[in-house]
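Here, each number is a calculation from the coordinates, and none is a lab measurement. In this text, all values refer to a predicted model and were calculated from it rather than measured experimentally. Here the Cβ is made from the backbone with ideal geometry for all residues, glycine too, and neighbour counts use every protein chain on show.
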Amino acid sequence: MTYCVGMVLEKGLVLMSDTRTNSGVDNISVFRKMFSWQVPGERMIAVMTAGNLATTQAVVSQLEERTKQPDERSTTLLDGSTMFNVATEIGTLLRSVIEERQRANGLTGGSRFTASMIVAGQIAGMQPRLFLVYPEGNFIEASWDTPFFQIGETKYGRPIIIRGYDKRMSFEDAVKLLMVSFDSTLKANLSVGLPLDLLVIEKDRFEPAHARRISAEDAYFDTVSSSWGDALRNAFAALPDYHFDPPE
């Protein structure tokens, strides 16, 4: 399983992903699910992946190859004229890889090779944009009405973001909010796990404003986790008492 979140702020974009993959409880591995490309002063693009590992690795590998050997037949990450074009190309490639693997394995309809992606970034002269790409290749774009996307194991961390999100919040507060969201997911589902990858894309700064890997030994993440647990217990204790007997 996977958990990835992309969030739009007035200041830019914040992305976080876990790295755990598993095929049963006794076969757990760490694989990167966040990838980024940049042209200094011109564009910064990132992709996060969820779903079948072979499918997502094939898509990312082909995207990487296209950045090294572009040709006239395919738009690459580094020469797409808009983020919409970039998302369209990634969606087309994702659908193509899934269909190819279905045919190779004699499958039709639903497939174990399915995958989805979050595409984020900015091209010079335009606004930062965030897209959720579905296995069929189509996609939707984030807006202030829907300012964040999740893929993978979404249900445990979503309420935290809904309650805490503010488009005017600082990057630091956004990272803290995502850490709480991920901590809640980690506590509820063993198929999502550390380390976590973090990327901050500041508006009109076409290089990572902040990027790091958060390991199990990270002191700040451990403090956030324990402090959030204490805060929840204190908030619960402060709620009005419930009584079986109706008030007089």
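Key figures for this structure:
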| read-out | value |
| --- | --- |
| Å³ per residue enclosed by the Cα convex hull of the range 3-236 | 137 |
| 5 angstrom amide H check on Leu9, placed H, neighbours 5+ away | Val14 |
| Candidates Tyr220, Tyr156, Tyr134, ranked by Gaussian network fluctuation over the chain, Cα under 10 Å, top entry | Tyr220 |
| Stretch gain in nm, segment Arg32-Ser61, where the contour uses 0.36 nm per residue and the Cα spacing is subtracted | 9.2 nm |
| Order by protection proxy (mean Cβ within 10 Å, highest first), peptides 3-15, 180-192 | 3-15, 180-192 |
| Sum of -39500 (n - 2.57) over DSSP H runs of 4+, divided by residues of the chain (222 nm, nearest 500) | -11000 deg cm²/dmol |
| Net charge, Asp197 excluded, C-beta distance under 9 Å - Lys, Arg +1, Asp, Glu -1 | +3 |
| Angle in degrees between helix 53-68 and the longest Cα principal axis of the chain, rounded to the nearest 10 | 50 |
| Angle in degrees between helix 171-188 and the longest Cα principal axis of the chain, rounded to the nearest 10 | 80 |
| Förster-model FRET efficiency, 22 Å R0, Ile140 and Ser81, C-beta, rounded to 0.05 | 0.60 |
| Count, lysine Cα pairs under 17 Å in the chain, 8 or more residues apart or across chains | 7 |
